[in-house]
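Input: a single structure, listed below in structure tokens.
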Amino acid sequence: MKIAIGNDHAAPALKAAVKAHLEERGFEVVDVGCAEGERCDYPEKAAAVCEKVTSGECELGILICGTGLGMSYAANKVKGIRAACCSDYFSARLSREHNDANVLCFGARVVGEGTAIDLVDIFVDTPFSGDERHQRRIDMITALENR
Ligand code: RB5
């Protein structure tokens with residue numbers, strides 16, 4: 001699986017740790033994030049990761065800013081993106097099982113490295129349930145997007 005990752009200036013160290021972990025697990029990681037010492041605007045990084053996902057180049061995306069909130073607001077404006085801002089494992093799992101989320105967001109000022117890595121593992125390892133009632137609701141989200 002190919003995964004896109006992006007971050008702003010609040011999260012280069014956490015991004016590096018998550019990226020190294022994913023690569024160690026054998027995933028190919030496309031890093032469009034902000035490097036240590038740089039500053040950037042999170043909507044630009046959200047757009048770059050979302051483009052990798054909606055184009056099909058990457059299956060999933062990960063976005064890290066200070067809180068995860070700004071990244072999720074921006075990502076959820078992109079057609080075809082369902083971004084979940086999570087700091088607990090239950091939400092990370094259900095975001096995949098029920099909502100078929102394709103982008104995970106979290107905050108470097110909210111979660112530590114261990115929690116971040118567990119959130120990412122849960123997110124990439126949990127499939128969408130495929131349940132008809134969940135798909136119907138996702139289709140309703142898509143309909144809102146197209147309104
Ligand atoms: C940047 O200081 C901060 O606003 C950003 O990382 C993020 O937390 C926004 O939601």
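Each reported figure results from applying straightforward, stated rules to the coordinates on display, with no laboratory input. Quantities reported herein were computed from a predicted structural model and do not represent experimental measurements. Ideal geometry is used to build each Cβ from the backbone, glycine not excepted, and the neighbour counts take in all protein chains shown.
Couple of notes before you dig in:
- The C-alpha atoms of the chain define a longest principal axis, and helix 132-145 lies at about 70 degrees to it.
- Counting every C-alpha pair in the chain, the share spaced more than 25 angstrom apart comes to 19%.
- Normalised contact order of the range 16-123, rounded percent, pairs of Cα under 8 Å and 6 or more residues apart: 26
- The long axis of helix 12-24 is offset from the longest Cα principal axis of the chain by roughly 70 degrees.
- With contributions of -39500 (n - 2.57) from each DSSP H run of at least four residues, the per-residue ellipticity at 222 nm computed over the chain stands at -14500 deg cm²/dmol.
- Nearest 10 degrees, 0 to 90: helix 42-54 Cα axis against the chain principal axis: 50
- Where GluC sites (Glu not before Pro) in DSSP loops with at most 15 other Cβ within 10 Å are excluded, longest remaining stretch of the chain: 60-147
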